[in-house]
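Below you'll find the structure, written out as structure tokens, and then a few comments.
The values are calculated or read from the model by the stated rules, or taken from the named source; none is laboratory data. It should be emphasised that the depicted structure is a prediction, and the values quoted were computed from it without experimental measurement. Every residue, glycine as well, gets a Cβ built from its backbone with ideal geometry; the counts of neighbours run over all protein chains shown.
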Amino acid sequence: MQEPPFAKADQLNDELDIIASSTAPAISKIRLPGQPRIYISQRAEVDNFIKQEFLLNDLEEISPYLWMMSKHDSKSISPLHRQKVKGRDIVVTEDPRLHLVWYHDRIFIKPLPKYILSHYFWELYLCTNRHSSPEHVTLQKAVLGYLRTYIHLIQHESDFRIAVDDKLQLIPPDITFLKFCDFTASLEHLLDVDVAGRYAYGEIRLTRLNLYSKILLQKFSFHRVQAQYSDYFASFYGPLLFVFAILSVVLSAMQVSTAIDLTATKQWESFGQFCQWFSITCLSLAVILVIWLSLLFLYKFIKEWVYAIGEHQRRRDCSKV
């Protein structure tokens, strides 16, 4: 893309426009908007910084396989108010790999930095031409995909109020809802081919990323949530307790069944038969429960895979037309 994705009139930050004015101070004194440690004249430093801020690295590497973990639809992003309805806490992250990745009751969202809202910054650092390096094209696609996600995150004024809340500050506070709508309207023409492969998808579940990263990335996990050993091992308590409870019921039932002497006195014979029947019933119920849970998991697993494969094949067929 040789031009910024939005018109200059729709930009949300004009701090760099002073560079083009006749009264501009020395460019060496102008800082990157929102990043006072970085000067706009330090091109190499700015390049490295925006690569660090937006390149997706290993997530982009496995983007051809993300259909196994998430719906292949870039619109599969719940607006901010809907995140609250789902009971998710919005966690601010500066890691681009974690943007729109969710884990149980939280979702990670990267705030909009001021500098990519500047038309002049795009002209200086992000616009590409036929001489641009593949890495620069990849960077531009990553930034475009990231910007496009905010079309879906902020759809209503209630979403906007959540975004500008002091606790989150997902967008700069001096922006109005009207200006934001004008800005994002110019991004709606972006297609999946214009953005990084990861942004052809919406929200991604962290547990699935951690699972498949062992195969696709040869890494133990994509992102470790538990920082302490105690938290990590605590995640195994529930499943282990369930297994031990089932085994305890089965072993106790087997023990009762084998210990009953049906040749005892007549007055205890009926009670012994009842105990044997009850132990066999408990054993049967435990087996049925395990089988039912296994089949339920298998059904959901196969259902998701059938849907994912069908959706992936449908998109491939549509792209060939």
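Listing for the model above:
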| quantity | calculated |
| --- | --- |
| Flag if residue 91 is more than 14 Å from the chain's Cα centre (by Cα) and either among the β-branched types (Val, Ile, Thr) or crowded, with 16+ Cβ neighbours inside 10 Å (or both) | no |
| Pair list, Cβ under 7 Å, 6 or more apart: segment 73-99 residue farther than 30 Å from residue 313 by Cβ, other residue among the aromatic types (Phe, Trp, Tyr) and outside any loop (DSSP other than H, G, I, E, B) | 88/102; 91/108; 93/108 |
| Filter result for the condition that a residue is touching a strand residue (DSSP E or B) at 6+ places or on another chain (Cβ under 6 Å) and more than 22 Å from residue 19 (Cβ to Cβ), over 203, 188 | 203 |
| Among the candidates 115, 120, 125, residue that is closer than 23 Å to residue 2 by Cβ and in contact with a Pro (Cβ under 7 Å, 6 or more places away or on another chain) | 115 |
| Among (1) without any contact (Cβ under 8 Å) to a residue 60 or more places away in the chain; (2) part of a helix (DSSP H, G or I), the one test that residue 174 misses | (2) |
| Any chance residue 188 is without any contact (Cβ under 8 Å) to a residue 24 or more places away in the chain and charged (D, E, K, R) | no |
| Out of 39, 65, 103, 125, sole residue that is surrounded by 21 or more Cβ atoms within 10 Å (Cβ to Cβ) and of a type in the set (Phe, Trp, Tyr) | 125 |
| Among the residues listed as 243, 193, the single one being surrounded by fewer than 16 Cβ atoms within 10 Å (Cβ to Cβ), in a helix (DSSP H, G or I) and modelled with pLDDT of 90 or more | 193 |
| Scope segment 27-63; condition part of a helix (DSSP H, G or I), in contact (Cβ under 8 Å) with a residue 40 or more places away in the chain and closer than 30 Å to residue 216 by Cα; matching residues | 47, 50, 51, 53, 54, 58, 59, 60, 61, 63 |
| Among residues of segment 53-62, those that are surrounded by 15 or more Cβ atoms within 10 Å (Cβ to Cβ) and either closer than 16 Å to residue 109 by Cβ or acidic (Asp, Glu) (or both), counted | 5 |
| Residue, surrounded by the most Cβ atoms within 10 Å (Cβ to Cβ), within segment 297-317, restricted to residues that are of a type in the set (A, V, I, L, M, F, W, C) and closer than 26 Å to residue 191 by Cβ | 308 |
| Selection from segment 118-170 of residues that are in contact (Cβ under 8 Å) with a residue 40 or more places away in the chain, within 20 Å of residue 107 (Cβ to Cβ) and either among the basic types (Lys, Arg) or not assigned by TED's automatic domain parsing to the domain that holds residue 97 (or both) | 148 |
| Matching entry among 146, 150, 201 (being over 14 Å from residue 5 (Cβ atoms), hydroxyl-bearing (Ser, Thr, Tyr) and buried (at least 19 other Cβ atoms within 10 Å of the Cβ)) | 201 |
| In segment 42-52, residue surrounded by the most Cβ atoms within 10 Å (Cβ to Cβ) [restricted to those that are more than 14 Å from residue 196 (Cα to Cα) and of a type outside the set (A, V, I, L, M)] | 49 |
| Hits in segment 142-186 (condition: among the charged types (D, E, K, R) and over 18 Å from the mean Cα position of the chain (by Cα)) | 157, 159, 161, 165, 166, 167, 174, 179, 182 |
